[in-house]
Amino acid sequence: MTEGLLPENKHDGALQRRGVLVRGVVQGVGFRPFVYRLATEEGLAGSIGNDTAGVTIEVEGPPGRIASFLERLRREVPPLARIDSVVEHDLQVTGRQGFHIVASEVLGRVSTGIPADAATCPDCLRELLDPADRRFRYPFLNCTNCGPRFTITRRIPYDRPQTSMAVFPMCAACQAEYDNPLNRRFHAQPNACWDCGPHVWLEATDGLPIPSDDPVRTTIDRLVSGEVMAIKGIGGFHLAVDATSEEAVLRLRSRKHRYGKPLAVMVRDVEAAQALCELTPEEVALLQTPVRPIVIAHARAGNGVAPVVAPGIPWLGIFLPYAPLQHLLFADARVEALVMTSANISEEPIAIDNDEARARLGQIADAFLMHNREILQRCDDSVAAIVDGAPQLVRRARGFVPLAVPLPMASPPLLAVGGHLKNVFALARGNFAYQSQHLGDLENLTGLDFFKESLAHLMHTFEIEPEAVVHDLHPGYLSTSWAREWAGEHGLSLIGVQHHHAHIAGCMAEHSLSCPVIGLSLDGTGYGTDGHIWGGEVLICRLENFERFAHLEYVPMPGGEAAIREPWRMALGHLHAAGLDVADPALLKLFKASDQNVRILTRMIARGLNSPLTSSLGRLFDAVAAVVLDRSEVDYEAQAAIELEGVAVNEPDADMAAPPYKVELSEGDWSRRESAIIRTAPLWRGVMKDVHNGVHRASIAARFHHWVARAFVHAAVNARAATGIEQIALSGGCFHNRRLARLLRTGLEQEGFRVFFHRSVSPGDGGLSYGQVAVVAAVLRSRH
């Protein structure tokens, strides 16, 4: 227990004593010393302590001083803290003196949050690089304003015995800092130094140590010579190479089996980032948040980064150092830009354990920079972009997880398992949902093991025992089959939620929209209620239910999943549906198909063999990319669509009132709930005319984006005429497309709509579980 050195509590007039319970992110963020300082400055007696409910405060003094304390409590919160609620109650005046910080208690159900990992703060960075400081070049320095949190925590309350730092007893100097309420390391759980904390070492791929007086400098020597280094970080290992060396990057790609997907680049500071990318003020601000996400920004021509880092696109994923070890790498002038990518074989979870890294990365890395602070939770780097002037999450992971996302209504304990690609599950209770870190694609048992490992950790941490399990309707998703099995084993209710309804419900819940909305749910794949693959949807949505007002015309996907990997198949399906002669030699040349393959696929379509119908906008992007960009195969998900957006990046926006390609809707009978159809044949006639006339591919790509926006604006206007709804929610992976998001928002606002985008979760499948929770919470509420 720490006692404040306050004068005796002697005040004229009546005294008051108030109890205050603060919930939110209030542990591990310097909240107790902050409260101690406020109480001291206001001359109040009392105490503060952590428990599983949050932070419990008692203050005693004149009513005016207590009122000032409570006002400042809400207004002056520490940078990493977040207050979700403050509950006050009267207590009996005791007359006791001093303000005390009491030991943590484990009482009742957990209702507070573990803080997320935070980037090294300016104070710690100054110490790291100060030769006179006792922590000079210490790779694990931190304080209450920065450092690891979620990735080293076993459970709440967030105290050192509950973290992987429990095995490192503090030296006398660190303990004195830890015990001093006026020190910024007061109760900083990972507090350590050269004398008592974790350490780093170099290791060869055969497991033998590599002698070095300075492992960090030796690592730099190896990086600048072109080696691939596996470097242990905050949420896992990175594979690092010199981003300016094409040979080194190609070596990494070959070993990692990641041939086309862009790689992220870490640079020293904002000035270095601006030398590589044309950054907007919003992107500069996003780069410097405590999250330090990878920010997808427009790359400068000739910026020195090897072209194979992000081939075929005009953007570069760039981020700043967020851990002391990374700052030390860039303290050497020889290091300009490093590829820092998740340490795994493609589609596997990131490696976190030293033995795991030795086993899994030994054929990729040339050497390891290891440390002995255990990582308890895998957590990839978060990815974000500025889309239509505001931050948008592409991948919600380090720096965000496990922070709660508010719900607009109280939820019973629920588990929502999300989708198949970019999987993220969510646990919910009360007015909050807790999304997992990005788990990747559930393509195999390794991914499923990561899912189960993370679920067990968050259930244990927040003490949430689900009463129901929510899943996507797609019968082929591994998450769906697991949910059925797990719910059966535990005797829980099992609830299915349609994919695109979940997308729109998530956007509605973020903005606390209780009235019906028109939802544009645009993505690559989602199982529809009619058994077809949806993805170009205009929905009339409430949280608890939806109706389908309009959708893109159904076309066949010849070969099923193969059509996603080979976009030329989607081009053939679309051109066939549009009534064009797919056997025309000129068409075959466009998407590099043989006569024999076209004949086989045409017969499959005619006979309905392995050619599921889809209304997906993502697949339409693929088809256009196959024709316009000769993109017949893809190396990673959404590659064709990303490249199609990229080729149009410098094209001006056209007049929304004059679409270059004809927009045609086949009107449905809404009184009979018959959906309208957005016809794609007029689009294809326009595209093919431009192709044959030699129109530049950038112009065709820009015109296509314009047609998509105009078609869905037209459908939304018709939906408003039928329903009177003025609010419109936008969701689905296609809204990662900056040009499409901007055109749709502009066109909809010109028509008088109020437009809502995602801000707290990803519009892609990473946000799906949050929407699933919102739907089921609303359904269960309506039943009571």
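Taking each DSSP H run with n ≥ 4 as -39500 (n - 2.57) and averaging over every residue of the chain yields -10000 deg cm²/dmol at 222 nm.
Using the Stokes-Einstein relation with a Kirkwood hydrodynamic radius computed over Cα pairs, the translational diffusion coefficient of the stretch 579-699 at 4 °C and a viscosity of 1.567 mPa s comes to 78 µm²/s.
Modelled label positions at residue 372 and residue 103, each set 7 Å beyond Cα in the direction of Cβ, lie 2.8 nm from each other.
Note down the net charge around residue 725, summing +1 for each Lys or Arg and -1 for each Asp or Glu among other residues with Cβ under 11 Å from its Cβ.
+2
Dividing the convex hull volume of the alpha carbon atoms of the stretch 147-252 by its residue count gives 143 Å³ per residue.
Average accessible surface for the chain: 37 Å² per residue, computed with a 1.4 Å probe over protein heavy atoms with every protein chain in place.
Ranking 680, 766, 725 by how far each Cα lies toward the positive end of the dipole of the stretch 625-784 (charges on Cβ) leaves 725 at the top. Here the stretch 326-444 has 50 percent of its accessible surface on carbon and sulfur atoms, given a 1.4 Å probe and all protein chains in place. Three semi-axes describe the equivalent ellipsoid of the stretch 70-208; taken as square roots of 5 times the Cα gyration tensor eigenvalues and ordered largest first, they are 32, 18, 16 Å. In a reduced charge model with +1 at each Lys and Arg Cβ and -1 at each Asp and Glu Cβ, the stretch 155-306 shows a dipole moment near 540 debye about its Cα centre. Taking the DSSP beta bridges with both ends in the chain, the antiparallel portion is around 75 percent.
Look at the alpha carbon pairs under 8 Å that are at least 6 residues apart: their mean separation over the length of the chain gives a relative contact order of 11 percent. Exposed loop sites, defined as chymotrypsin sites (Phe, Trp or Tyr not before Pro) outside DSSP H, G, I, E and B with at most 16 other Cβ atoms within 10 Å, are absent from the longest region of the chain, namely 260-635.
Taking every alpha-carbon pair under 8 Å whose residues sit at least 6 apart, the stretch 216-291 reaches a relative contact order of 16 percent. Semi-axes of the equivalent ellipsoid of the chain are 48, 33, 23 Å, computed as sqrt(5λ) over the eigenvalues of the C-alpha gyration tensor in descending order.
Simple spin-label estimate for residue 465 and residue 225 gives 5.8 nm between the two label positions (7 Å along the Cα-to-Cβ direction from each Cα). Protein-only accessible surface at a 1.4 angstrom probe places the residues 261, 589, 232, 662 in the order 589, 662, 261, 232, largest first. Here the scattering of the stretch 352-499 is modelled by Debye summation over its C-alpha atoms, one equal scatterer each and no solvent; at q = 0.10 Å⁻¹ the log10 of I(q)/I(0) is -0.41.
Each of 635, 441, 472, 630 has its accessible area taken with a 1.4 Å probe; listed largest first, they run 635, 630, 441, 472. Among 626, 576, 327, whose Cα sits farthest toward the positive end of the charge dipole of the chain (+1 at Cβ of Lys/Arg, -1 at Cβ of Asp/Glu, about the Cα centre)? The residue sitting farthest along the positive end of the dipole is 576.
For the stretch 332-428, the relative contact order is 15 percent, taking Cα pairs closer than 8 Å that sit 6 or more residues apart in sequence and dividing their mean separation by the residue count. Shape index of the stretch 711-784: Rg/Rh, with Rg the Cα radius of gyration and Rh the Kirkwood radius from the inverse mean 1/r over Cα pairs, equals 1.03. Carbon-plus-sulfur fraction of the accessible area of the stretch 658-698, 1.4 Å probe, in percent? Carbon-and-sulfur percentage of accessible area, whole number: 43.
Neighbours of residue 687, meaning other residues whose beta-carbon lies under 12 angstrom from its beta-carbon, give a summed charge of +4 when Lys and Arg score +1 and Asp and Glu score -1. Dipole magnitude for the chain: computed about the Cα centre from +1 point charges on Lys and Arg Cβ and -1 point charges on Asp and Glu Cβ, it is near 860 debye. Hydrodynamic analysis of the stretch 275-324 uses the Kirkwood radius over alpha carbon pairs. Inserted into Stokes-Einstein at 37 °C and 0.692 mPa s, it gives a translational diffusion coefficient of 285 µm²/s.
Among the cysteines of the chain, 124, 143, 174, 193, 277, 379, 507, 515, 541, 734 have no other cysteine beta carbon within less than 4.7 Å of their own. Heavy-atom surface analysis with a 1.4 Å probe gives the stretch 228-287 a carbon and sulfur content of 52 percent of its accessible area.
For the stretch 156-165, 3J(HN,Hα) computed residue by residue from phi via the Karplus equation (6.51, -1.76, 1.60; θ = phi - 60°) reads 8, x, 6, 10, 3, x, 8, 10, 6, 7 Hz, glycine and proline entered as x.
To the nearest 20 Debye, how big is the dipole of the stretch 46-93 about its Cα centre, given +1 on the beta carbon of each Lys and Arg and -1 on that of each Asp and Glu? Please list the in-between numbers first.
Details: 5 positive and 8 negative charges, 52 e Å.
So the magnitude is around 260 debye.
For the stretch 15-65, take every pair of Cα atoms, bin their distances at 10 Å starting from 0, and report each bin as a whole percent. It works out to 26, 55, 19, 0, in whole percents.
If the chain linking residue 85 and residue 691 were pulled fully straight, counting 0.36 nm for each residue of separation and taking away their Cα-Cα distance, it would gain 212.3 nm.
The values are calculated or read from the model by the stated rules, or taken from the named source; none is laboratory data. Values in this document were obtained by computation on a predicted structure and should not be read as measured data. Every residue, glycine among them, receives a Cβ derived from its backbone with ideal geometry; neighbour counts consider all protein chains shown. Side chains included, ligands, DNA and RNA excluded: accessible areas come from the protein's heavy atoms. Shrake-Rupley method; radii C 1.70, N 1.55, O 1.52, S 1.80 Å.
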